[in-house]
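The values are calculated or read from the model by the stated rules, or taken from the named source; none is laboratory data. No experiment lies behind these values; they were computed from the predicted model shown. Neighbour counts are summed over all protein chains in view; Cβ atoms, including those assigned to glycine, are modelled from backbone coordinates with ideal geometry. The accessibility values were calculated without ligands, DNA or RNA, using every heavy atom of the protein model including side chains. Shrake-Rupley method; radii C 1.70, N 1.55, O 1.52, S 1.80 Å.
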Amino acid sequence: MKLEVVTLPVSDVDRAREFYQKLGWRLDATPPWVVQLTPPGSWCSVQFGEGLTTGAPGSAQRLYLIVSDLAATRDDLLAAGVNVGEIFHLGENGPVAGPEAGPDPGHNSYSSLATFADPDGNTWLLQEITSRLPGRVDSAGTTFTSTPDLASALRRAAAAHGEHEKRTGEEDINWPDWYADYMVREQSGTQLPT
């Protein structure tokens, strides 16, 4: 089973369509009574339309969007006119202690977040993930679904490879193999190469 679509309760279908298209989401072909949009690189879409849900407009809360570079994504959304909250992270006690200002000091995956809402108040959490927890991604099916995600993964691999060359004290002529191994392991949540 794969999650295909989430239905959002909205009060004005045209306004919601305009908002999600402003985010850069693809407008999908659908029957005339459904509006469906898909975030770049996502396998799951959102849809809305008259009579699709009995939920009150704005009642969808804490919908997660994962990104590989939270600061860049936030900047892009702000430039598009979306009111995105400041970046925050959850401390050692998680949500019990409440959020702490700024990104996670160690830039750990799953730790840095920012929020925004659509015009009805349906709320979204942007969550920065650069390395998946073990078992979260099929290690046999590594994919990068957008140019920014691939570029970000390449930058992280380049930084790690630079440290690798410092440790070995020599230039690694097989750097493409090392990068590829690093990127696959990072995405699948397995032990990173040294």
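In loop segments of region 150-182 as defined by DSSP, the GluC sites (Glu not before Pro) with at most 11 further C-beta atoms inside 10 Å of their C-beta are E170, E171.
Considering only trypsin sites (Lys or Arg not before Pro) in DSSP loops that have at most 14 other Cβ atoms within 10 Å, the longest stretch of the chain without any of them is 63-135. Among the GluC sites (Glu not before Pro) within region 1-101, those in coil by DSSP and having at most 13 neighbouring Cβ atoms inside 10 Å are E4, E50, E86, E92. In the chain, helical runs assigned H by DSSP with n ≥ 4 each contribute -39500 (n - 2.57); averaged across all residues and rounded to the nearest 500, the mean residue ellipticity at 222 nm is -9500 deg cm²/dmol.
Among the chymotrypsin sites (Phe, Trp or Tyr not before Pro) found in region 1-109, those both in a DSSP coil and sparsely packed, with 14 or fewer other Cβ atoms within 10 Å of their Cβ, are W33, W43. Computed on the Cα trace of the chain, the radius of gyration divided by the Kirkwood hydrodynamic radius gives Rg/Rh = 1.03.
Surface exposure of the chain, expressed per residue as accessible area with a 1.4 Å probe, stands at 59 Å².
Comparing P103, P39, P176 in a Gaussian network model of the chain, where Cα atoms under 10 Å apart are tied by springs, the biggest mean-square fluctuation is seen for P176. Using a probe radius of 1.4 angstrom, the carbon and sulfur fraction of the accessible surface of the chain is 53%. Between the amide H of V10 and those of G49, distances stay under 5 Å, these residues lying 5 or more places away or on another chain, with hydrogens modeled in the peptide plane.
Please give the per residue volume of the convex hull enclosing the alpha carbon atoms of region 71-173, rounded to a whole number of Å³.
Dividing the Cα hull volume of region 71-173 by its residue count gives 172 Å³.
Looking only at I66, I173, I129, which one moves most when the chain is put into a Gaussian network model with springs between Cα atoms under 10 Å? In the Gaussian network model the winner is I173.
Using the Cα gyration tensor of region 1-55, with a ≥ b ≥ c the square roots of its eigenvalues, what is the shape: rounded (a/c below 1.5), prolate (a/b larger than b/c) or oblate (neither)?
Oblate, since a/c reaches 1.5 and b/c is not below a/b.
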